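Colleague: Pasting a structure below so you can have a look.
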Amino acid sequence: MRRVPVLVLCGSLFLGAGCGQDMTEGRRPPSAPAGVTAEAGSSGSVHVMWNHVFGEPEIAAYEVYRGRTKIKDVPGSARMTDVAGLEPATTYVFTVRARSTGGDLGPPSRQVRATTPAASAADNRAPSRPARPSGKAVGSRAVQLSWGRSTDDRGVVSYDILQGDSRIHSVGGGQTATVVTGLRPGTRYTFSVRARDAADNASPASDAVRITTAPGSDDGRGTAPTRFRATTHREDGAYHIDLSWVPPRTDGVITEYEIHLDGRLATSLVWGGTAPRDTAEHSFYVGRESGATHRVRIRAKLPDGTWGGFSAERTVTTGR
């Protein structure tokens, strides 16, 4: 089944969220954070992540809610936090709201749910140390990390990603790779990984992986959508371009894309609901002329608010 995103065509007859708002009516509150996820880190904690809200107004902080109760304030530079003190084997609902430097509070994000695993009685044994960590720079602002799976007598619930001595991210226990974005160009970083079980026992950190990001700006090809395909079809006397691609693997959820047609921005896509993590699809109108040739490519907005690299460019001709 094709998943249908919310289509945003700024500057056209079609207006989506953030387009066409009357800025003369006073201050505008921040937008709702997109890409919110929640995943259990142990039987008593959940790791909550979201994408940065960029543009105007400037964001001073994010408020994290459990149900209707605000439980955390985090700085506007952050996009993840750990919620501790939870009950084992319990499902929790989280939302995130952005607060501007002027004190205006934006609407809540979509709700996300996470269920903590059952507590293990008298579990004092930590998981084994993650083995064979490796990594590489994927341009000037991102790195790709991978590691060997840890073992535990009760099961690994999550992996912590450490930058130096600081935990910067967590992923589920079934995951052994991630992409960290939001880094600085031409900078040397040190990463390691540790495993965590349901009782919150943490393994020793893995060996360190030292990676230097590429200097200056680049095309970001390591953060580009892959397996990009383009075809055309005719419907009601008009032609449409049909696209499919695999979203870039990042330390968050991709919710927004730009489609460029013949070297210019054609449409912006903002996914409503749950954004696809595997294959994404979209179709858009290009006119009624048969035999018209077009070049098309796509790029994603990364969770840190920067644009990733462009996909490969495809050429299609209507009526063929």
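Colleague: Could you grab me the full set of residues in the stretch 242-266 that are under 27 Å from residue 111 (Cα atoms), in contact with a Leu (Cβ under 8 Å, 6 or more places away or on another chain) and part of a strand (DSSP E or B)?
Modeller: Answer for the stretch 242-266, where residues must be under 27 Å from residue 111 (Cα atoms), in contact with a Leu (Cβ under 8 Å, 6 or more places away or on another chain) and part of a strand (DSSP E or B): 256, 257, 258.
The rows are residues; the columns are (1) β-branched (Val, Ile, Thr); (2) at pLDDT 95 or above; (3) crowded, with 19+ Cβ neighbours inside 10 Å.
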residue	(1), (2), (3)
187	yes, no, no
193	yes, yes, yes
205	no, yes, no
217	no, no, no
241	yes, yes, yes
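Colleague: Return yes when residue 98 is surrounded by 13 or more Cβ atoms within 10 Å (Cβ to Cβ), in contact (Cβ under 8 Å) with a residue 60 or more places away in the chain, outside the structural domain of residue 201 (by TED's automatic domain parsing) and part of a loop (DSSP other than H, G, I, E, B) and no when it is not.
Modeller: no
Colleague: Select from the stretch 138-157 the residues that are surrounded by 16 or more Cβ atoms within 10 Å (Cβ to Cβ) and farther than 27 Å from residue 308 by Cα and list them in ascending order.
Modeller: Hits for the stretch 138-157 are 149, 150, 152, 154, 156, 157.
Colleague: Could you give me the residue pairs with C-beta distances under 8 Å whose first residue belongs to the stretch 200-215 and is free of Cβ contacts under 8 Å to residues at least 24 places away in the same chain and not assigned by TED's automatic domain parsing to the domain that holds residue 40, whose second residue is loosely packed, with under 15 Cβ neighbours inside 10 Å and part of a loop (DSSP other than H, G, I, E, B) wherever it lies, and which are 6+ apart or on separate chains?
Modeller: none
Colleague: Checking the condition within 18 Å of residue 178 (Cβ to Cβ), over 20 Å from the mean Cα position of the chain (by Cα) and of a type in the set (D, E, K, R), which residue from 210, 249 passes?
Modeller: Exactly one of 210, 249 is within 18 Å of residue 178 (Cβ to Cβ), over 20 Å from the mean Cα position of the chain (by Cα) and of a type in the set (D, E, K, R), namely 210.
Colleague: Restricting attention to the stretch 82-95, which residues are part of a strand (DSSP E or B) and touching a Phe, Trp or Tyr at 6+ places or on another chain (Cβ under 8 Å)?
Modeller: Across the stretch 82-95, the qualifying residues are 83, 94, 95.
The values are calculated or read from the model by the stated rules, or taken from the named source; none is laboratory data. Here the structure is a predicted model, which means the values were calculated and not measured. So basically every Cβ, Gly included, is an ideal-geometry build from the backbone, and we count neighbours across all protein chains shown.
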